[in-house]
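Before I ask anything, let me first share the structure, which is written out below as structure tokens.
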Amino acid sequence: MADHKPSSSKHSPLASSSTDHDSRLQFLDHFDDIFKCTICLIKLQDPHLCPRCSKLYCYDCISEWLLSESEQHMNCPNCKLDLQLDKLVKVRWFEEVEQLQRNCLEPSPTTAAAVRAPSSGNGTATTISTAAAVASKKKDICPKHLRSINFYCCPCKLCVCDECAVADEHHLDHTFKSLDVIYESNLQIAEEEFEKVKHYTKRIASLIEKVERNSELVKKVKEEKLKEIRSVAESAIEGLERQVNDKLQKLQGHKYALMAEMQDIEQSLRIMEGEVVASSRSQFMAKKSRIFKECNKIRMNPIKDFKQIRVPVSLKIEIPTIYETGIFVIENFSSFDDNKVAYSNEFTDTFGHIWRIMVWCVISEDQLGIYLELVEGLPCWIECRFQLLHPDSKRVIHKRIKQHFDRSTQKDWGFRDFVALKTILDENYLKDDDSLELLYHIRPCTGGGGGGGGADFE
């Protein structure tokens with residue numbers, strides 16, 4: 001009739017064994033440590049492995065890693081070798097491993113008795129296990145026979161009592177299983193499904209955190225650009241003031257020269273007029289030639305044409321070259337090996353040059369190097385400011401370089417010793433998501449020791 005014969009007799013539970021229960025939990029702890037994704041650090045979901053190093057990852061996690069925009073993610077997080085999404089190997093034996101885990105989780109008779117025993121703990125949140133313990137104490141009663149429901153009819157998918165299983169012709173030749181066994185098995189499946197949902201929600205929560213941080217970085221760049229706009233405005237105003245002062249000084253010089261000339265003429269005229277008034281007729285006639293000659297001399301001195309002394313009534317607004325500003329997020333920093341290199345996305349300056357930032361981790365020298373590379377464009381001088389961000393603005397690390405770039409490798413096109421790795425780890429530059437944030441300001445400039453004619457805004 002069935003692979004499990006129902007019986008109306010009841011069996012007393014055995015004494016609990018905490019040692020057996022603890023050993024199972026200890027084994028499962030190690031089990032979870034082994035079979036967990038090294039990206040999300042949670043139990044594997046739909047595991048796939050790298051064909052080169054055999055490291056296991058959740059398919060969603062490694063897909064998101066490989067399909068991200070950054071070039072540094074086009075490789076395995078573990079072995080750092082090139083890895084394509086279509087080269088991943090699906091772990092088909094993992095279902096058997098999960099079944100083994102479920103078998104280990106299924107309680108033995110002694111453990112089940114221990115679970116059913118009242119707990120003397122200090123009152124924690126109800127879990128699936130405690131829910132099972134509570135449910136095991138509550139005996140469902142068959143409404144037809146008023147007997148305890150202890151069996152599960154597999155074809156009907158119904159829970160029945162022993163009387164239903166034996167006497168009800170509807171269940172004739174059906175297969176029955178112990179309700180305790182089938183309940184525990186399905187409860188475990190439910191718990192695994194819940195874990196998958198929790199894993200899914202954790203991924204969503206992680207994505208929300210990334211979106212929030214992305215928003216904060218956008219606002220940070222906005223603040224930097226507003227500083228630059230204010231600096232540009234101040235610089236433009238200073239340029240206008242300088243032009244106006246130069247023009248006014250020149251006009252004032254012409255004005256003062258003309259006023260001095262006019263004063264000299266007026267002085268001479270007063271003297272000659274005084275001589276005429278004080279002279280008799282005969283004296284005037286004796287002086288007239290000299291007086292006329294002096295007047296003629298004054299008139300013969302040419303007056304400057306206004307066109308020669310006027311200045312153009314125009315002003316230029318001097319706008320300095322604008323910085324290209326952004327934040328390079330260096331992800332999974334703790335996974336960097338010695339001589340590990342990571343690149344930012346490429347970006348374009350105001351003159352059309354294409355650039356990218358390279359970060360070089362030199363563990364053997366305890367240094368993090370930061371470099372600028374000209375990817376495409378004509379040779380030029382460039383000014384670049386790097387800032388390694390820190391929650392405390394006073395501890396932000398600032399460094400600046402001004403260099404000529406012609407797409408050839410140079411030893412001085414960056415900072416080999418931008419910051420010590422020990423400083424990064426000990427002084428909280430590393431974010432909770434294992435990333436560093438590098439703010440950069442880049443613009444073309446003129447050669448030499450100047451800064452390209454623009455205003456500083458740090």
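Nothing in this text is a laboratory measurement; each read-out follows from the coordinates by a stated rule. Predicted model, so just to flag it, every value in this text is computed and none were measured. Every residue, glycine among them, receives a Cβ derived from its backbone with ideal geometry; neighbour counts consider all protein chains shown.
Points 7 angstrom from Cα along the Cβ direction at residue 301 and residue 392: gap in nanometres?
With each label point 7 Å from Cα toward Cβ, the separation is 7.3 nm.
For the stretch 286-400, state the semi-axes of the equivalent ellipsoid (square roots of 5 times the eigenvalues of the alpha-carbon gyration tensor), sorted largest first and rounded to whole angstrom.
Numbers: eigenvalues 978, 56, 33 Å².
Over the Cα atoms of the stretch 286-400, the semi-axes work out to 70, 17, 13 Å.
Give, in nm to one decimal, the length gained when the segment between residue 287 and residue 166 is fully stretched (0.36 nm per residue of separation minus the Cα-Cα distance). Could you put the intermediate results ahead of the total?
Working: separation 121, 0.36 × 121 = 43.56 nm, distance 15.95 nm.
Here the segment from residue 287 to residue 166 would lengthen by 27.6 nm.
Here is a further query. Check the straight Cα-Cα distances from residue 288 and name the aspartates and glutamates below 19 Å, setting aside those fewer than 8 residues away within the same chain.
266, 273, 275
Further question on the same structure: What's the ranking of 342-350, 321-329 by average number of surrounding C-beta atoms within 10 Å, highest first?
Details: 342-350: 15.9, 321-329: 18.8.
With the highest mean Cβ count within 10 Å placed first, the list reads 321-329, 342-350.
Straight-line reach from residue 177: which lysines have Cα under 28 Å away, leaving out those fewer than 8 places along the same chain?
Candidates past the 8-residue exclusion: 5, 10, 137, 138, 139, 144, 157, 196.
With 31 Å as the limit, write out which pairs from 210/394; 87/198; 87/225; 43/340 have Cα-Cα distances beyond it, or answer none. Present the calculation step by step, with values, prior to reporting the outcome.
Working: 210/394 25 Å; 87/198 28 Å; 87/225 43 Å; 43/340 28 Å.
Pairs exceeding 31 Å: 87/225.
What's the extension gain from residue 225 to residue 309 if we count 0.36 nm per residue and subtract their Cα-Cα distance? Write out the running numbers ahead of the final one.
On the way: separation 84, 0.36 × 84 = 30.24 nm, distance 4.25 nm.
Gain on stretching residue 225 to residue 309: 26.0 nm.
Another one. To the nearest 0.05, how large is the calculated FRET efficiency for residue 157 and residue 96 if R₀ is 30 Å and r is the Cβ-Cβ distance?
Numbers: r = 26 Å, r/R0 = 0.86.
Working from the Cβ atoms, E equals 0.70.
Separate question: Taking the simple approach of a point 7 Å from Cα along Cα-to-Cβ for both residue 245 and residue 46, what is their distance in nm?
6.8 nm
Stretch residue 280-residue 362 to full length: gain in nm at 0.36 nm per residue minus the Cα-Cα span? Before the final figure, lay out each step's value.
Values: separation 82, 0.36 × 82 = 29.52 nm, distance 10.61 nm.
Extra length available between residue 280 and residue 362 comes to 18.9 nm.
Assigning unit charges at the beta carbon (Lys, Arg +1; Asp, Glu -1) and nothing else, what dipole magnitude in debye, to the nearest 20, does the stretch 170-269 show about its Cα centre?
Working: 17 positive and 20 negative charges, 49 e Å.
Computed charge dipole of the stretch 170-269: roughly 240 debye.
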